[in-house]
Every structure is written in C-alpha cells, then in structure tokens.
Amino acid sequence: MGKKQFKTEVSDLLNLIIHSLYSNREIFLRELISNASDAIDKLKYLSLTDEKLKGFSFEPCINISFDSDKKTLTISDNGIGMDEEDLNNNLGTIASSGTRKFLEGLKDDARKDSNLIGQFGVGFYSAFMVAKKVEVVSRKAGEETAFRWESEGKSTYSVSEAQRDSQGSDITLYLNDDGADYANRWQLETLIKKYSDHIAYPIYLEYDQEHYKDEKDSEGNPVKEVEHKREQINSASALWTRSKSSIKDEEYKEFYKNNYSDSEDPLFYIHTHAEGATEYTTLFYIPAKAPFDMYYADYRPGVKLYVKRVYITDDDKELLPTYLRFVRGIIDSEDLPLNVSREILQENRIMSAIRNGSVKKLLSEFKKIADNNPELYEKFISQYNRPLKEGLYGDYANRETLLELVRYKSTAVEGYTSLASYKERMKDGQSAIYYITGSKENILRNSPLLASYKEKGYEVLIMDDDIDDIVTEMVHEYKELPFKAINKTGAMDDMKDKDEKSEEEKKEESALVEKLKKALGERVKDVVISSRLSSDSAAVIVMDENDPSLQMQKILKQMGGGEEMPEVKPILEVNPENGMIKKIDQSTDDAYIASLASVILDQAFIAEGIMPKDPAAFVREVTRLLG
Ligand code: ADP
C-alpha cells in the first residue's frame with residue numbers, strides 16, 4: 001500500500017487544525033454531516049440528469065454509529081461516493097476553493113487567534129481535531145469497486161482497494177484522547193441537534209441500549225439484555241426552505257416556539273426567499289415581548305446564520321445591525337462558503353448584500369404594518385420604539401424609513417404619534433417640530449413652558465426616552481422641518497409676539513436682567529426675559545442652543561465622561577409678570593434679591609426633576625423668606 005504525500009496546502013491546513021482549532025472541536029461532526037448531505041444532494045441530482053445514473057433509486061440517509069470501547073465513530077452516507085481518483089483529488093488536496101481562500105485569508109496573527117478560527121469549519125480535515133487516524137471507505141455510484149483512504153493527519157495518506165455493499169461513504173474516526181468523549185450517545189445527539197437539525201435528510205444514530213428482562217438468573221439477579229437501536233435524531237424540517245404558500249400559520253408559530261424557547265406566539269413573522277445576484281432565505285420573527293436582556297451589553301442576538309441548511313453561528317453581531325437585535329430567526333445563504341470565518345463574514349460582499357436586503361425587508365414590513373394594521377403596530381411600538389430610535393442614530397442609510405417608523409408621545413394626542421401625523425396637524429406658519437426632553441413624562445407634561453405652546457395651538461412632542469436627546473439632535477430634521485427643543489434657546493424666538501416693545505419697557509427689562517445676573521453670578525450663563533410663560537410660573541431653565549440639554553448632561557455623566565466634562569451653565573428664562581420676579585424688580589435690598597433669585601433658580605431646577613446643587617441652602621433660604 002503506497003503512501004502518498006499530501007499537497008503542501010493540506011499539510012498547512014492540518015497543522016493549523018491540530019495546533020490552533022482545539023477550542024471548538026465539536027464542529028467536526030457538523031462538517032462531516034454536511035459533506036454527507038452534499039454527497040446525497042449530488043447523487044439525487046445525477047439520478048435525474050445523468051445518462052448513466054438516470055433512474056438510480058435510493059433512500060437517502062446519513063447514519064452515525066460509534067464504539068465506546070474502541071473509541072471509534074463512523075459517519076456513513078449513501079450519496080455519490082468517491083472512486084480512487086476522487087479520493088486523491090478531494091482528500092489529498094484541498095478541493096474546495098472556499099477552504100483554500102479561508103486558509104490564504106488567515107494572516108499569521110489570525111492563526112494564533114484560535115478562538116476566532118475555531119468558530120468556523122474547515123471541512124473534512126476538521127476530523128483530525130478529534131481523531132488520530134481517519135479511514136474513508138467509499139464506493140462511487142455506478143462503480144463496482146470500493147476504495148479505502150487512510151491517514152493519520154501527518155504528511156501522508158494511502159489509498160487501497162476495499163469492499164462496500166453499495167454506493168456511499170463511511171468515514172471512521174479513531175478518536176484521540178481529546179476526542180474520546182464523542183463516542184457517546186448523548187454527546188452525539190446533542191451535537192446533531194445543535195448543528196444539523198435542519199439537514200434535509202434523516203440522520204440516524206445507532207446505539208446499544210441495556211435493559212433488564214423480566215426474568216432472573218440462577219442466582220436471582222435480573223438478566224440484562226442489550227438491544228441495538230437506530231433512531232432518527234434531526235427534525236429535518238428546515239421550515240424556511242419550503243414555499244410560503246405550503247406553510248400554515250400554526251407551523252410558523254410552532255417552529256418559533258420550539259426553536260426560540262418562547263411560550264408566546266410571535267407578534268408577527270417575515271419569510272422571504274431572495275433570488276438574483278445573491279440567493280438566500282430569511283425567516284424573521286418579532287417576539288411578542290422584547291427580550292428582557294436586550295439592553296445588556298452581553299446580549300446575544302437571536303438570528304442564526306445557516307449555509308445551505310447547516311448551522312454556522314448565532315454569535316455574530318454582523319448578521320443584522322445592533323438596533324435590530326430583538327429580531328429572531330434564520331438567515332440561510334446558498335452562496336456563502338461553509339467555512340466562512342468571522343473576519344471574512346465582516347468583509348464578505350455576499351454577507352453584506354444579505355444584511356442590507358434583510359434590513360430593508362424588515363423595515364418595509366414594519367412600515368406596511370404601521371400603515372395597515374395600527375393595532376398590531378401599537379403592540380410592536382410598545383416593545384421596540386427605542387431600538388428603532390437607536391437605528392435613527394446608527395443606520396444613516398435607512399434614516400428616512402426609520403423616521404416614519406418611530407413614535408412619540410405628544411401634547412395633542414393620546415398614546416403615540418408618528419412624525420407624519422404631527423406634520424399633518426401643524427398650524428399654518430409653524431416652521432418647526434417642537435419637542436421637550438426629560439426623564440419623566442409627568443414632569444414634562446407639567447412644564448411651565450408647555451402652556452403657551454398649547455395656547456398658540458402648537459403641538460409639542462414629549463420625549464422621555466433617555467436617548468431622545470442624542471437622537472433628535474443628530475437627526476436634526478424631518479422632511480425639512482427642523483426639530484426644536486422648547487427647553488433650549490433656539491425655540492424661544494418663535495414665540496415672541498410680533499408687536500415691538502416700547503423703549504421704556506426694554507429699559508426696565510434690561511435693568512431686571514442685570515439685577516438677576518448680579519445676584520446669581522456664576523450660577524447661570526445668562527438671564528433672559530420670557531414671552532412664553534404664564535403668570536403663575538416665575539422662571540424656567542433653558543439651555544443654550546449649542547449646549548447639551550440637562551437630560552443629555554445626565555447621560556454623558558453616566559457614560560463616564562462626567563469627571564472631565566466642563567460644567568454647563570443654564571440660562572434662566574424669567575417671567576416679568578410673575579409676583580416673585582416683580583418683587584425682585586421693585587426691591588433695592590441686595591441681600592433680599594440674592595436670596596429670592598437663588599430660590600427662583602433652584603425651583604426652576606426642581607421643576608425639571610433636578611435636585612438643587614445645595615439642597616440645605618435652598619431650604620434655608622425658603623425658610624427665611626417665608627418666616
Ligand atoms: P468541502 O466540503 O468544503 O468541499 P471538504 O474538505 O470537506 O471540503 O471535502 C473535500 C471534498 O471531498 C468535497 O468537496 C467532496 O467532493 C469530497 N467529499 C467529502 N466527504 C464526502 C462524502 N461523504 N461523500 C462524497 N464526497 C465527499
């Protein structure tokens with residue numbers, strides 16, 4: 001039996017496998033099962049198209065057996081099989097261009113990073129992660145002779161004649177110390193379920209089961225009997241590969257509940273077969289309740305990548321953009337290579353086409369639901385408004401669509417409104433979308449600023465989500481209408497009455513402003529006269545248009561930049577018609593003015609839900625003033 005030398009690239013790959021892939025050994029089984037499934041695909045195809053094999057009939061199946069004493073594991077299929085030449089070409093060189101590219105793509109650095117590589121397959125040779133010797137006995141369909149390929153995964157292999165009753169291949173692994181555990185029924189069952197559940201052909205597992213018979217032996221001990229069993233392990237359902245019209249609603253829902261351990265039906269699902277430049281299938285589910293951990297940093301997205309029905313990964317943040325992390329389901333590509341690595345996935349054109357197509361599809365379905373099924377959309381928004389807002393921030397390409405999808409609370413309607421309906425309700429001459437941000441809806445709704453907007457018939461969006469501030473500032477406008485925060489200076493002028501004030505009034509006002517500025521000193525950036533507060537409110541805090549809002553400052557602090565962040569001073573907008581302000585206007589007692597001004601400023605903070613900087617001082621001043 002002559003020994004043959006592996007081609008150098010195979011030796012390279014074997015080295016790589018043996019030295020760096022140990023972290024994720026278990027994928028070898030997925031690879032071998034996938035090869036078996038491909039071999040069956042090929043024979044099925046040829047039995048329909050090939051002159052010689054036309055009409056060849058067989059019952060496709062994959063069979064897995066093991067010997068836990070001898071530590072062997074055999075994966076058999078009745079697919080196309082290989083003749084001597086095939087064995088040399090396919091297992092003596094790297095036949096698959098995918099594998100070759102994968103190997104070439106691995107820079108020296110990446111080779112060291114075994115964790116990354118270990119996530120993905122390297123085909124047949126991955127058997128050497130768990131085996132000290134691999135034997136392949138194969139008979140090609142339509143041939144009489146079978147051949148045996150053997151190798152210890154070093155630098156050589158051998159091919160010799162062998163026996164096999166019918167077409168197909170048996171891949172027998174002589175497990176090494178690290179792989180010995182795989183000659184075990186439960187291990188195998190778990191791995192088949194995990195990676196190969198949706199392989200289209202039945203995968204049988206053979207095992208021996210001991211049980212006690214009803215009889216006793218001469219010494220009165222129960223008699224054991226060993227029964228040889230063969231059981232199909234995979235569900236072979238791959239629901240998504242079937243045509244939409246053949247799948248019942250119930251089946252979609254069952255599939256979801258069985259695969260995503262959710263006891264509730266999904267809110268809705270979206271099943272798409274995409275054809276054209278890239279061919280892929282997606283089946284996406286929107287859970288009825290947002291996953292409880294979706295805001296945790298270590299949240300695992302719920303979309304799994306398959307390549308031709310073989311499970312590849314669910315731990316890839318690249319499959320869908322982060323903001324769509326609540327989506328569960330499957331992406332199954334016909335075009336990606338099985339051994340696609342994480343680095344390759346990130347830069348892969350096919351993957352990015354799939355990703356872009358999937359996002360577009362999801363968003364356009366959301367939009368359809370928003371337009372045609374408001375009740376369902378309301379449920380959807382109650383769970384996923386916030387992630388959509390994250391999308392506004394992060395997904396520039398789809399911003400227009402996302403702006404139609406997000407919803408806001410508002411002073412004009414119960415529940416939520418879209419920006420489109422805000423725009424429709426706008427008064428003639430209104431030139432901006434007004435909003436107010438803060439952390440508590442009830443505080444915002446009671447803001448002294450709102451009253452005059454209501455009076456003028458201007459609707460104000462109530463933005464109480466912690467990311468609203470960042471998002472709205474970033475997005476800037478909706479259909480050329482600017483967003484304007486009413487608690488910032490930029491919105492103030494819109495509310496000014498057109499009729500000019502008299503010179504005398506102006507003089508009085510600037511004297512009042514000076515008094516207050518002097519009293520408050522460094523605590524404020526500026527003091528301005530309000531034209532939009534009702535007489536029962538003395539003052540409000542507004543922020544300079546170019547400064548972060550109070551809400552935003554809170555977030556920035558939480559994000560850790562707090563220490564270095566320079567203090568942002570507020571602007572105090574005062575109402576000259578209010579009694580407290582009038583008292584300041586009329587007084588000449590500096591100490592009294594200082595005390596009153598300080599209380600007014602602190603009160604304005606409290607109205608925003610913010611604690612005064614020095615609460616004890618505030619209480620002292622109030623007590624003194626009232627006492
Ligand atoms: P890939 O599957 O990516 O092509 P592999 O290294 O896994 O790469 O396999 C190399 C080749 O060996 C396959 O392309 C196929 O032609 C052949 N092969 C592997 N396993 C089988 C099998 N069970 N039956 C028939 N051919 C096989």
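Couple of notes before you dig in:
- Relative counts (whole %) of C-alpha pair distances in the range 465-544, using bins that are 10 Å wide: 14, 37, 32, 15, 2
- The range 226-286 and the range 396-472 have their alpha-carbon centroids 40 Å apart.
- Helix 349-372 axis, angle to the chain major axis (alpha carbon atoms, nearest 10°): 50
- Derived from the Cα gyration tensor, the three semi-axes of the equivalent ellipsoid of the range 382-535 are 32, 18, 14 Å, largest first.
- Across the options 263, 292, 353, the greatest Cα extent toward the positive end of the charge dipole of the range 239-374 (unit charges at beta carbon of Lys, Arg, Asp, Glu) belongs to 353.
- One equal scatterer on each Cα of the chain, no solvent, Debye formula: the resulting log10 I(q)/I(0) at q = 0.06, 0.07, 0.09, 0.11 Å⁻¹ is -0.53, -0.64, -0.84, -1.06.
- Segments 578-590, 392-404 sorted - mean Cβ within 10 Å per residue, highest first: 392-404, 578-590
- Principal semi-axes of the equivalent ellipsoid, √(5λ) from the alpha carbon gyration tensor of the range 407-495, are 16, 15, 14 Å from largest down.
- Packing rank of 350-357, 27-34, 213-220, where each peptide gets the mean count of other beta carbons within 10 Å, highest leading: 27-34, 350-357, 213-220
- Once both labels are positioned 7 Å from their Cα atoms along Cα-to-Cβ, the gap between residue 193 and residue 373 label points is 3.2 nm.
- Degrees between helix 503-520 axis and first principal axis of the chain (Cα, 0 to 90, nearest 10): 60
- Dipole magnitude for the chain: computed about the Cα centre from +1 point charges on Lys and Arg Cβ and -1 point charges on Asp and Glu Cβ, it is near 340 debye.
- Value of D in µm² per second that Stokes-Einstein yields for the range 357-453, Kirkwood Rh from Cα pairs, at 10 °C (1.306 mPa s): 107
- Axis of helix 615-626 versus longest Cα principal axis of the chain: the two differ by about 30°, to the nearest ten degrees.
- If the chain linking residue 293 and residue 613 were pulled fully straight, counting 0.36 nm for each residue of separation and taking away their Cα-Cα distance, it would gain 111.7 nm.
- Considering only the range 407-495, percent of DSSP beta bridges that pair antiparallel, nearest 5: 45
- Fully extended contour minus Cα-Cα distance, from residue 452 to residue 509, at 0.36 nm per residue: 18.5 nm
- Extension gain for residue 236-residue 569 works out to 113.4 nm (0.36 nm per residue, less the C-alpha to C-alpha distance).
- Over the residues of the chain, the helix contribution to mean residue ellipticity at 222 nm works out to -11500 deg cm²/dmol, using -39500 (n - 2.57) for each DSSP H run of at least 4.
- When each of the peptides 251-264, 37-50, 527-540 is scored by the mean number of other C-beta atoms lying within 10 Å of its residues, the order from highest to lowest reads 527-540, 37-50, 251-264.
- Inter-label distance for residue 620 and residue 591, nm, one decimal - labels placed 7 Å from Cα along Cα-to-Cβ: 1.3
- Straight-line cross-link reach from residue 440 at under 22 Å between alpha-carbon atoms covers these lysines, not counting any fewer than eight positions away in the same chain: 379, 389, 409, 454, 484, 488, 554, 557, 569, 613.
- Computed over the range 129-229, Kirkwood Rh from alpha-carbon pairs, angstrom: 17.0
- Neighbour net charge for residue 486 - beta-carbon separation under 10 angstrom, K R +1, D E -1: +2
- Annotation: the antiparallel percentage among DSSP beta bridges lying fully within the chain is about 75.
- Pairwise Cα distances in the range 239-374 exceed 23 Å for 31 percent of all pairs.
- In summary, the convex hull built on the alpha carbon positions of the range 503-626 has an orientation-averaged projected area of 8.4 nm².
FYI, it's all coordinate maths here, none of it is from the lab. Nothing here was measured: the structure is a model prediction, and the numbers come from that model. Counting neighbours? That spans all protein chains shown, and the Cβs are built from the backbone with ideal geometry, glycine included.
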